[in-house]
Every structure is written in C-alpha cells, then in structure tokens.
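Student: Structure provided below as structure tokens; questions to follow.
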Amino acid sequence: MNIAIIGYGNMGRELEALAREMGHNVAEIIDVDKQNISFSELKEIVDVAIEFSIPSAVETNIIKCLENSIPVVTGTTGWLPNFELIQNLCDKNKTAFFKASNFSIGVNAFISINEKLAKIFENYPAYKVKIEETHHTRKLDKPSGTAITLAEVIINNNRRFKDWKLSENGIHDENYITIKSERIGDVFGDHKIIWESSEDVISLQHSAKSRRGFAFGALMAAEFIKDKTGIYSMKDLLNI
C-alpha cells in the first residue's frame, strides 16, 4: 500500500518506521516544512493518507484529501469534525474517512468495557463516575480526545449524565462527569475511569507504553478503508 503521512511529529515518525516494517511504501510526507504539495498529483501516487497534524490544520488537510478522492485516516484531536460535509465529500468523490481519538486496540477494548458499565450503572445512581487522564507536556489539547470519547460513551449510555467538565472548572453537579487532566513529562497516555459508591470502587485503567500501538492501529485503519466509501471508526474496524 502506498501511504502519504500528513504531519511529521513524533507520531508521523513512528508511522513511517512501522509502515516500512509492515511492507508499505511511504510515498509522500507532508509537514510544515513541506506544504506546497498538489493533492491532485498526490492522488496518483498514494492509496491512502494518514493525518496526524495539529487542530488548526486538520480540517483543511482532510477536505483536500477527500476532494481529490484520497481516503484519509486522522488521529488529530482537539477539533470538531463537520460530519455532514465529510459525508457529502465521501459520497461525491467515492472515498472514505476514518477518525479515531485513539487507535490503540487496547484503548478501544477499554472504551467498550466502559460502555457496558455505563449501561449497568444507569439503574444504580449510588455509583458516581470520574475520569482521569495524563499525557506528555507537548500535548496541546486538554482534556485528551480519548477522555472526551470515554465521557461521551457514558453520556450516550447513561441518562443520569448530561455533559462533562474539566475538574478545574469547579463543577460538582452529579449530572456532570468530571475529567481531571494532567500534562507531565513524557507520558504516552494514561486514562482511568473510576466508578464509586459508598460501598465499593471499580477502577479501570489503560496505560500506553509507547506510540507503536497507536501507529499500528492507524495503519490497520488505512488498510481497512482502502477502496471503501463512507465514514468509519474503530468500532467498524474492530467489530465492537
């Protein structure tokens, strides 16, 4: 498979190395130092683009790919996709879009377990929930996209909760899920969900050891959407 990597930070470099290990060809790398790329020409040499840039650039990158019938996978967080526009572009140009806040297989299993607990505890209001996440100091968005996904999964499956708030905002309403975010050192990504009643505590935690798991999931997603049309997520890839 011929791949374009958009965004050449730590994740971009991890993707490049692992893609070559897996036998893929990295046909083009686009970054802040190399932006004068013709996407109409790019589509002639790549099968899919993998986008890990920054929030201010991600939407433009995705639109350019889809307008030129280049399937695109993105893991950039800290932005809100216009899914109606993306769906229209996918339909018009017969291509595909894949978005995930986290490409780790372990994290997505973790999210699925959280979904089950949220459904169970809807009928047991004694259980309160909070989310804690820690990342490296270079991560720009806060809370992490994965923490927001975890909160949204709870909200969508437990009617007791109507929204989430950062814990530093001082919201203590039991109808809100609090998220505590920390930026420390070189932490790849730690996420914890705590369900607690006066009688007991259930604590679920996922800790990433490296970026390799994220890169592997993104490459699996790229393989998955090649020759497809439409919008996809890790639920489609992992069938969960």
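Nothing in this text is a laboratory measurement; each read-out follows from the coordinates by a stated rule. Because the structure is a prediction, the values reported are computed rather than measured. Positions of Cβ are backbone-derived with ideal geometry, glycine not excepted, and every protein chain shown enters the neighbour counts.
Student: Quick one: in segment 32-149, what % of C-alpha pairs are over 24 Å apart?
Tutor: Details: 2842 of 6903 pairs.
Percent of Cα pairs beyond 24 Å in segment 32-149: 41.
Student: Assuming R0 = 25 Å, can you tell me the calculated FRET efficiency for the pair Ile184 and Glu223, based on Cβ-Cβ distance, to the nearest 0.05? Intermediate values should be presented prior to the final figure.
Tutor: Details: r = 34 Å, r/R0 = 1.36.
For Ile184 and Glu223, the calculated efficiency is 0.15.
Student: Which of Lys94, Lys142 has the fewest other C-beta atoms within 10 Å, and how do the rest follow up to the most?
Tutor: Lys94, Lys142
Student: Where Rh is the Kirkwood radius over the Cα pairs of segment 105-207, the temperature 37 °C and the viscosity 0.692 mPa s, what D in µm²/s does Stokes-Einstein return?
Tutor: Details: Rh = 13.8 Å.
Rounded to a whole number, D works out at 238 µm²/s.
Student: Any chance you could check the Cα centroid distance between segment 92-129 and segment 5-53 for me, in angstrom?
Tutor: 28
Student: Sorted from fewest to most neighbouring beta carbons within 10 Å, what does the list Phe188, Phe161 look like?
Tutor: Fewest to most other Cβ atoms nearby, the residues stand as Phe188, Phe161.
Student: Can I ask one more? Given N residues in the chain, what is Rg(Cα) / (2.2 N^0.38 Å)? Spell out each step's value before the answer.
Tutor: Working: Rg = 18.7 Å, N = 240, 2.2 N^0.38 = 17.7 Å.
It is 1.06.
Student: State the antiparallel share, in %, of DSSP beta bridges confined to the chain, rounding to the nearest 5.
Tutor: Taking every DSSP beta bridge with both residues in the chain, the antiparallel ones total about 35 percent.
Student: Starting from the Cα of Lys180, draw a straight line to each of the aspartates and glutamates and keep only those under 14 Å, dropping any in the same chain fewer than 8 residues away.
Tutor: Glu132, Glu133, Asp141, Glu168, Asp190
Student: While we're here: What are the aspartates and glutamates whose alpha-carbon lies under 13 Å from the alpha-carbon of Lys119, with same-chain residues fewer than 8 places away excluded?
Tutor: Counting by Cα, and skipping residues close in sequence, Lys119 has these aspartates and glutamates nearby: Glu152.
Student: In a shell of Cβ-Cβ distance under 10 Å around Asp173, excluding Asp173 itself, what net charge do Lys and Arg (+1) and Asp and Glu (-1) give? Write out the running numbers ahead of the final one.
Tutor: Values: positive: Lys162, Lys165; negative: Asp163, Glu174.
Charge balance in the 10 Å sphere: 0.
Student: Follow-up. Pick from Ile50, Ile179, Ile155: which residue has the top mean-square fluctuation in a GNM of the chain where Cα pairs under 10 Å get a spring?
Tutor: Greatest mean-square fluctuation among the candidates belongs to Ile155.
Student: Which of the lysines could be linked to Lys43 by a straight reach, that is with a Cα gap under 24 Å, when you skip same-chain ones fewer than 8 residues away?
Tutor: Result set, ordered by chain and number: Lys34, Lys64, Lys92, Lys94, Lys99, Lys226, Lys228.
Student: Oh, and also: Considering amide H positions built from the backbone, and no H for Pro or chain starts, which residues 5 or more places from Ile3, or on another chain, come under 5 Å of its amide H?
Tutor: For Ile3, whose amide H was placed from the backbone, the distant partners under 5 Å are Asn25, Val26, Ala27, Glu28, Asp47.
Student: Which longest run of the chain has no exposed loop site in it, a site being GluC sites (Glu not before Pro) in a DSSP loop with at most 12 other beta carbons within 10 Å, and the site itself not part of the run?
Tutor: Within the chain, the longest run free of exposed GluC sites (Glu not before Pro) spans 45-173.
Student: So which residue, out of Met11, Met220, Met22, gets the largest mean-square fluctuation from a GNM of the chain using Cα contacts under 10 Å as springs?
Tutor: Met22
Student: Additional query: Using only DSSP helix segments of four residues or longer, with each worth -39500 (n - 2.57), what per-residue ellipticity at 222 nm results for the chain after dividing by its residue count and rounding to 500?
Tutor: When only DSSP H runs of four or more count, the value is -11500 deg cm²/dmol.
Student: If neighbour count is taken as other Cβ atoms inside 10 Å, put Thr149, Thr60, Thr74 in order from fewest to most. Walk me through the intermediate numbers first.
Tutor: Working: Thr149 21, Thr60 10, Thr74 25.
Least to most surrounded, the residues fall as Thr60, Thr149, Thr74.
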